[in-house]
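Working notes for the structure below.
Values quoted throughout were computed directly from the atomic coordinates according to the rules given, and no laboratory measurement underlies them. What you see is a predicted model, and the numbers here were worked out from it, not measured in a lab. Neighbour counts run over all protein chains shown; Cβ positions are idealised from the backbone, glycine included.
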Amino acid sequence: MSGPRPVRAPRGSELSARGWPQEAALRMLQNNLDPEVAEHPDNLVVYGGTGKAARDWASFDAMVRTLRTLGDDETMLVQSGRPVGVMRTHEWAPRVLLANSNLVGDWANWEEFRRLDALGLTMYGQMTAGSWIYIGTQGILQGTYETFAAVAAKRFGGTLAGTITLTAGLGGMGGAQPLAVTMNGGVAVCVECDPSRIERRIGHGYLDVRAHSLDHALELATKARDERRPLSVGVLGNAAEVVPQLLDRGAPVDIVTDQTSAHDPLAYLPVGVDFDDMARYAADKPADFTRRARESMARHVEAMVGFMDAGAEVFDYGNSIRGEAQLHGYGRAFDFPGFVPAYIRPLFCEGKGPFRWAALSGDPKDIAATDRALLELFPASESPQNESLARWLRLAGERVHYQGLPARICWLGYGERDRAGERFNDMVASGELSAPLVLGRDHLDCGSVASPYRETEAMLDGSDAIADWPLLNAMVNASSGATWVSIHHGGGVGMGRSIHAGQVTVADGTALAGEKLRRVLTNDPGMGVVRHVDAGYERAEEIAAERDVRVPMREG
Ligand code: NAD
């Protein structure tokens, strides 16, 4: 019987598989479970509540074994974290195809998912957990940084200096919030019910200090705000109690959001339950727990609406907390917007999204070299966008602590990702990088997700729930040469609420990889442009016209 053990991807340029594409998949699966990367590696949980990289340890072992022997004309099929077949394909085909957590519409709810999960038949893949391209908290950092930069531009004269942001959840993704706020010059107060998560974020340099009480947190925050000094403060507590308390006290909060794992009511701590009892209670009495969690989320959201009424900038940060509060019967849950329609959609229209890459060498110098290459490819002097890219790369170079294999996140758009990919592949070929890279992205991308409470909330043409787009996205990536491609359900916002696709492509310095990268990294963001043209966004139409994206209904 195989069981929990520390997993770490090999470093360096020696292969244990038959080629770099297979080796890349192997190392990225292992990297997702590295204790530095995964939030709860013993349970194979990478991030986002219960988002897993493999269904069980036996499946993990079988995937490792299979990837080591997989040929260049073979494809491993993964059904919710378990390898179920190896098929003869061809060298342009993906080496791995994954489908995670997919359920037929009428059955697509947590109850049915949990029944099947308990039988060992499925697994929750979240987004990058089950598709092996999670790179730790950095993966969300730039998006969070850009979101807070957009808030600063909209309401606070371009900086968060002199403001206080209140949020909750310091998990794998939520842990990026404090650093994103301080990178924008502001003060963050972050409520978290698990003391080990507060310590982990401090250890990784994402959070500055832990307050010993709520009063202490407010004292630290207001002092830093008055001095216009960036500071992030973690405070232990239940957000469903602390956020209403802060509202009642009239705490001077300018911005409110939340990244607790609200998408999964069994991962949100209800009021009146001790954190130490949470896991057992959720396992023993899921229906009771869910009811209490939703009731607490309603209190939490009601307080967020209270802050909004008092003049604060309030937004949902992609965890479905509004939907859960509404299920409990709170009528004003959707009074504040989600972050995509509020700040991110114009970027999606340009094919921009959370593009990322990881150095299979394990050498941080390789990432530093890719950072320099990007600054040369997109000179800061050429446009304000390039200038903000340069600012991001400088801040990331200074502030980001790598978890597992060194990696970089960088929001690039249509016509940019392919240039970066080709340059990186040339750098591998010339020996400028010491081993290949993998290039992938979050599923939270411009053309890869249907999620009416998040990425596709309030689409111009009302097409929020149309899920053809992520399926087309996966098919076009598989047809364009991606190394692995995945289709998931329920990521980000929970069961029944999203369908999304991922891709990862290896840059191993070969001419073949160059050809594949050119196609994948054009077509993948191209899906974002055509999806938004189809929905009637003018900015997407401009981009399509400027950059020659073919849209048949606009031709002829
Ligand atoms: P996670 O499970 O790693 O962390 C969630 C944290 O919330 C945990 O540390 C938990 O202790 C804490 N928590 C739970 N209930 C609480 C309560 N009542 N009060 C205070 N703290 C509480 O999850 P994550 O990866 O950080 O993701 C958080 C949420 O954000 C998820 O719903 C996820 O789907 C969503 N998400 C959003 C984006 C985005 O771009 N906005 C991206 C990825 C994930």
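Observations, loosely collected:
- Using 0.36 nm per residue and subtracting the Cα-Cα separation, the extra length available between residue 36 and residue 153 on full extension is 38.7 nm.
- Residues residue 91 and residue 121, FRET efficiency given R0 of 25 Å [Cβ-Cβ distance, rounded to 0.05]: 0.15
- Pairwise label distance in nanometres, residue 109 with residue 249, each label 7 Å out on the Cα-Cβ vector: 4.0
- Neighbourhood charge, 11 Å Cβ-Cβ cut-off, centred on residue 124 and excluding it, Lys, Arg +1 and Asp, Glu -1: +1
- Cα-centred dipole magnitude for region 138-336, charges only on beta-carbon of K, R (+1) and D, E (-1), debye, nearest 20: 320
- Contour excess over end-to-end distance, with Cα ends at residue 283 and residue 73 and 0.36 nm allotted per residue: 71.3 nm
- Distance from region 515-554 to region 134-210 (C-alpha centre basis), Å: 32
- Electrostatic dipole magnitude of the chain [Cβ: Lys, Arg +1; Asp, Glu -1; Cα centre; debye, to 20]: 640
- Beta bridges per DSSP with both ends in the chain, % antiparallel, nearest 5: 55
- Sorted by Cβ neighbour density within 10 Å, fewest at the top, the residues 527, 127: 527, 127
- Normalised by the number of residues in the chain, the average gap of Cα pairs under 8 Å and 6 or more apart makes the relative contact order 15 percent.
- A full extension of the chain between residue 465 and residue 15 corresponds to an added length of 157.7 nm, given 0.36 nm per residue minus the alpha carbon distance.
- Shape descriptor for the chain: Rg over Rh equals 0.95 (Cα atoms; Rh from the Kirkwood inverse mean 1/r).
- Between residue 545 and residue 377, the simple spin-label model (points 7 angstrom out along Cα→Cβ) gives 2.8 nm.
- Residues of region 149-183 with an amide N closer than 13 Å to a point placed 7 Å from the Cα of residue 228 along the Cα-to-Cβ direction: 157-163.
- Each principal axis of the Cα cloud of region 138-336 was evaluated for its coordinate range; sorted largest first, these ranges are 47, 36, 33 Å.
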